[in-house]
Every structure is written in structure tokens, then in C-alpha cells.
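The numbers here are math on the coordinates, done by the rules we state, and not lab data. It should be emphasised that the depicted structure is a prediction, and the values quoted were computed from it without experimental measurement. Ideal geometry is used to build each Cβ from the backbone, glycine not excepted, and the neighbour counts take in all protein chains shown.
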């Protein structure tokens, strides 16, 4: 942690468990700080749901509270990871982010959650997303 502080870097730790006192140790309840799209694009059996809607019915992707805009976690994976489908899906990550998720959330993703990050070049999507503001 001292190394991160000395380099002016931050480590964010979120939990999906309700606030329970861990906040004092730096673990934050994700629903207070993030919005997320639904976690699955479907099974890998030829069905793909590229839409981008909130994981939580009571928290829209467009949520704001005053000047606070929650961090946007873009989930991009299927029910079960299969390397063939993952390679294709990860190659389409940037397209899905730009055509579906950015308009739905009215911002670009802060974090991308993918299966098998070494397949399909999701790093290329990150590099492109880091070049502009939405």
C-alpha cells in the first residue's frame, strides 16, 4: 500500500455484500459507488444479448447523485466461459461498449469485466476507450 501511495495510485475494493462496517477498512459496498450492466450475454449456444441494461432493477445505469457519477462496471461475459466464444466476444468488446453500453449509461465504462482476458484482445478495447471522453 505504501508503494501505491508513493506513486499516487489508488486501489479500489468493492463488495457485493451490504454495508456492514468494512468501510472503515476501505472495502466499499459496490451499489453505493458503481452501476453495472447485467452480468450475462446469454449462453454460448448461438444466442447473444448485446443490450446493456442495469444489473440491479432499482439502480439505473444513468444514476447520478448531485455531481457524483458512479463508476460504470461493464460486464461482458456469458453464463459459462468457453474459449471459442470468449475469443469472439472479447474481439467485439469495443463495438458493444460504444454502440450499446455508452449510450445506455450515458458514459463510457470505468471498468471492463471479461472472461479469459488473454483471448480476443480486450486490452485493445481498453486502449481505445482511454483515448476519449464520452
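A few notes on this one:
- What the pair-distance distribution of segment 93-134 shows, using all Cα-Cα distances binned every 5 Å from zero, is 5, 23, 36, 24, 9, 3 percent.
- Note: relative contact order over the chain, using C-alpha pairs below 8 Å and six or more positions apart, is 21 percent.
- The percentage of C-alpha pairs in the chain whose separation is greater than 20 Å is 52%.
- With neighbours defined as other Cβ atoms within 10 Å of a residue's Cβ, the residues 63, 99 order from fewest to most as 99, 63.
- Average Cα contact separation per residue, segment 66-127, under 8 Å, 6 or more apart, as relative contact order %: 47 percent
- Residue of 19, 104, 91 that the Gaussian network model of the chain assigns the largest fluctuation, springs spanning Cα pairs under 10 Å: 19
- Antiparallel %, DSSP beta bridges [both residues in segment 2-134], to 5: 15 percent
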